[in-house]
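Only one structure is covered here, and it is reproduced in the block below.
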Amino acid sequence: MHLVIIGNGITGVTAALTARRLQPAARITLVSDETTHHFSRTALMYVYMGHLRYPDIKPYEDWFWQENRLDLVFATATGLDLQRKELTLSTERILSYDQLLLATGSVSRFAGWPGQDLRGVQGLYSLPDMARMSRDTHDIKHAVVVGGGLIGIELAEMLHSRGIQVTLLVRDAHYWASVLPKPEAELIDQQLRAHHINVRYRTELAELLPNTEGHVQTVCTTTGEKILTQWVGLATGVTPNIELAKAAGLATDRGILVNELLETSAQGVYAAGDCAQHRQPGAGEVPIEQLWYTGRAQGETVAHTICGQPLPYRRGTWFNSAKFFNLEYQTYGRVPVVPAPGEESFYWQHPTAPLAFRINFRPDAQFAVTGMNAMGIRQRHEVWEAWLQAATPVQTVLQELGAANFDPEFFRQHEAAIVRQFNEQFPAQPVTLKRRRGLLRALQLNRAAR
Ligand SMILES: Cc1cc2nc3c(=O)[nH]c(=O)nc-3n(C[C@H](O)[C@H](O)[C@H](O)COP(=O)(O)OP(=O)(O)OC[C@H]3O[C@@H](n4cnc5c(N)ncnc54)[C@H](O)[C@@H]3O)c2cc1C
């Protein structure tokens, strides 16, 4: 069997490694036009900031690939012939396959603003994007970032680390308004202010104007402001990279359409990770998942199917984490901006420090927890996964909250304050905090859930 994988991101590489384990004799080829070797996209910002070097963000040594008989091809796949089972590469080489996995990721999405193609205007997705940003922001003093999501704040932090003054345009009334409840967003706003980022809420990009050399010079906003700048970062989202699949005649919508086995409309051709769109996502799940851990999970799942062990893709408990300057954020389960009908939301915030904790639960279903947000307090993944899968009552979760605390031992603990506030707010359901026993029970629960 010759398995060809287009894309050496987390999805393609996880699929390759899983396939190698399942089929030691298979021939496996990874094609990528970004880099020869896999690197961690999520760590790109730390290379720009000088915390890591490029070799540090490659999870595997360069000899690893040959050692595991994974052939690496640095080229763009420019054509796909589904009948002949052949790929055309930018090097003019023709590559035949028995099975093909499209793991082509995403591309930055821009809204067609006048001036978006000027020099000094870009998104941040790839390693070449980061290199270009590094070059073009060397020695500049002012930059504008457009976008109030994860990459927007990441760009602001990167620029800030080089002493560049940043203006951040955010369309909504508060940061990441489509995802975060307002109190959590305000904690992030505090971080932005503490780092002297000039945030303009309810403000969108209208137009970019050049100087006489064709380099961006002025950002015109929808509020009528004209901001002088030397560089503009567009962080307005990504869209699945479906160009090759679409040209080949595969069924596509916003992404490459796949069934639960991650099979596309052509036999022997699969799609996974950021580029895939699930025809029938599970209840409460989204059709396009553009996250690192879902890419890894899809890569592992699809490799089983490719190697003759069909495995439907199930995402499991939703989680995500991020860091906003100094503030860590974790979320498990579902925490909508406003609680869903029939749901209660309990929120605790430290009176002075940037620490907060939210638990959503359903009073009409034995008080089962449905989601959690933690800001500045680290939580244990496996404990929350077990609590959510077992629809654990909120009282039990709060009693055993110490079991989920993942902060280093010398950090101050806040469970007692959280439980005290819960008891004040919900006096009919009093909770007494337990510690060690809670840890044991939660770990038992986790084992049972596995
Ligand atoms: C700056 C940044 C920070 C992020 N931080 C986080 C985070 O903290 N947490 C999180 O969960 N997610 C994060 N993400 C999102 C996460 O990185 C992606 O969801 C994940 O990398 C997608 O993996 P993938 O393997 O599906 O695609 P990709 O990583 O995009 O890999 C696809 C590869 O395929 C190559 N390719 C595409 N078409 C062709 C072709 N025709 N020929 C050859 N090669 C081709 C591309 O060049 C690319 O190298 C971040 C993304 C960015 C850009």
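Quick notes
- Cα gyration tensor shape of segment 161-200, rounded if a/c is under 1.5, else prolate or oblate by comparing a/b with b/c: prolate
- Rounded to the nearest 20 debye, dipole of segment 121-235 from Cβ charges on Lys, Arg, Asp, Glu: 140
- Sum of side-chain charges, K323 neighbourhood, beta-carbon under 13 Å (Lys, Arg +1; Asp, Glu -1): -2
- Taking 17 Å as the cut-off, the amide N atoms of segment 148-164 that come nearer than this to a point 7 Å along the Cα-to-beta-carbon line of H196 belong to 156-164.
- Protection-proxy order for peptides 192-204, 52-64, 374-386, 237-249, each taking the mean of Cβ atoms within 10 Å per residue, highest first: 374-386, 237-249, 192-204, 52-64
- Distance cut-off 14 Å, percentage of C-alpha pairs in segment 204-247 lying past it: 59
- Size of the chain as Cα extents on the principal axes (Å, biggest first): 71, 60, 40
- Amide H partners (placed H, <5 Å) of V107, local residues excluded: T239, N241
- 4 °C / 1.567 mPa s Stokes-Einstein diffusion coefficient of segment 14-60, Kirkwood radius on C-alpha pairs, µm²/s: 104
- For segment 77-221, the square roots a ≥ b ≥ c of the C-alpha gyration tensor eigenvalues yield an a/c of 1.5 or more together with a/b exceeding b/c, which makes the shape prolate.
- Average projection area in nm² (convex hull over Cα atoms of segment 17-138, one quarter of hull surface): 10.1
- Working note: Cα gyration tensor of segment 327-374, eigenvalues times five, square-rooted, sorted largest first, giving semi-axes of 21, 11, 9 Å.
- Euclidean distance of C-alpha centroids, segment 102-180 and segment 285-347, integer Å: 24
- Rounded to the nearest 20, the Cβ-based charge dipole of the chain about its Cα centre (Lys and Arg +1, Asp and Glu -1) stands at 960 debye.
- Segment 322-449, relative contact order in percent, only Cα pairs under 8 angstrom and at least six apart counted: 22
- From helices alone, the chain scores -7500 deg cm²/dmol at 222 nm; the rule is -39500 (n - 2.57) for each run of n ≥ 4 DSSP H residues, then divide by the residue total.
- Short-range pairs are left out: with C-alpha atoms under 8 Å and at least six residues apart, the relative contact order of segment 121-235 is 33 percent.
- Rounded if a/c under 1.5, otherwise prolate or oblate - segment 322-449, Cα gyration tensor axes: rounded
- Using a Förster distance of 30 Å, the FRET efficiency for S321-N68 (Cβ separation, nearest 0.05): 0.55
- Counted over the chain, the DSSP beta bridges are approximately 60% antiparallel.
- R0 of 51 Å, Cβ-Cβ distance A416-R162: FRET efficiency to nearest 0.05: 0.75
All of the numbers you see were taken from the coordinates with simple rules; none came from a lab. Keep in mind that this is a model prediction, so the values were computed, not measured. Cβ: placed from backbone, ideal geometry, glycine included. Neighbour counts: every protein chain shown.
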